[in-house]
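One structure below.
The values are calculated or read from the model by the stated rules, or taken from the named source; none is laboratory data. Bear in mind that the values here come from a model prediction, so they are computed numbers and not experimental data. When we count neighbours, we look across all protein chains shown, and the Cβ atoms used for this are built from the backbone with ideal geometry, even at glycine.
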Amino acid sequence: MLEGPTDIKVQRIEEAEKIGFIACHDGYVRPFNLIHERGLTLTTNGAIIEGFDRFFMPHTAHSNGHRADCNESHCVAVRFHLHPEVEVIHNGDSVHLAVEGKKMWHFMSPDTDISLEDSIDFAELTGPQRTQQIVLYFRPALTEKIHWRFVRLESE
């Protein structure tokens, strides 16, 4: 098992049209020599959730370039686990999500391919339920940061 993080930083974001945070932890430093940073904002009208995930080596926290000493073959996966009742339509470049044909959301990531994979939800009282997850794979040595967003679609 991996040891937990020992250094956690959080910065709150409060702007006129959105709120959110940027959080960073060192939980992957010991096994992979990578720090994970995630930023997430929600528009005040609740229509857009956008964010980023960044993985970087500890001594490059303030660099903007790629790191030659980071193994280019190492891949990370950013996962968004979905509730079993969410209906998913994956068209390659994006994913449409719906619950009972209502509350439609559109997910996209301009920086990497979007994959759908099987997952398990353990939160149901009836026991484990089969579900899906959105997965974004990338190589931090080549692409340090990826962006993603969920956009609520208007009901018809």
In the range 116-129, the residues that are in contact (Cβ under 8 Å) with a residue 12 or more places away in the chain and under 11 Å from H81 (Cα atoms): L116, E117, D118, S119, D121
Evaluate the range 144-153: report whether one residue or more is exposed (fewer than 14 other Cβ atoms within 10 Å of the Cβ) and either out of contact with any Phe, Trp or Tyr (no Cβ under 9 Å at 6 or more places or on another chain) or without any contact (Cβ under 8 Å) to a residue 12 or more places away in the chain (or both). no
Say we look at the range 14-32 and pick out the residues that are under 24 Å from T143 (Cα atoms) and at pLDDT 90 or above; which of these is farthest from the chain's Cα centre (by Cα)? D26
Residue list for the range 1-46, restricted to those being touching a helix residue (DSSP H, G or I) at 6+ places or on another chain (Cβ under 9 Å) and either surrounded by 15 or more Cβ atoms within 10 Å (Cβ to Cβ) or assigned to a strand (DSSP E or B) (or both): P5, D26, V29, N33, L34, I35
Is it true that A61 is farther than 19 Å from Y137 by Cα, touching a Cys at 6+ places or on another chain (Cβ under 9 Å) and at pLDDT below 95? yes
Just checking, does the range 94-107 include any residue being closer than 29 Å to S73 by Cα, free of Cβ contacts under 8 Å to residues at least 40 places away in the same chain and not β-branched (V, I, T)? yes
Would you please list the contacts, defined by Cβ atoms under 6 Å and residues six or more apart or on different chains, that run from a residue in the range 22-40 that is within 14 Å of I146 (Cβ to Cβ) to a residue that is small (G, A, S) and crowded, with 17+ Cβ neighbours inside 10 Å? G39/G51; L40/G20; L40/G51
Looking at the range 65-83, which of the residues that are surrounded by 13 or more Cβ atoms within 10 Å (Cβ to Cβ) and part of a loop (DSSP other than H, G, I, E, B) is modelled with the lowest pLDDT? H66
Taking the range 107-143, which residues are in a strand (DSSP E or B) and buried (at least 17 other Cβ atoms within 10 Å of the Cβ)? F107, I114, S119, D121, T131, Q132, Q133, I134, V135, L136, F138
Members of the range 84-111 found to be modelled with pLDDT under 95, under 15 Å from R149 (Cα atoms) and polar (S, T, N, Q), listed by number: S94
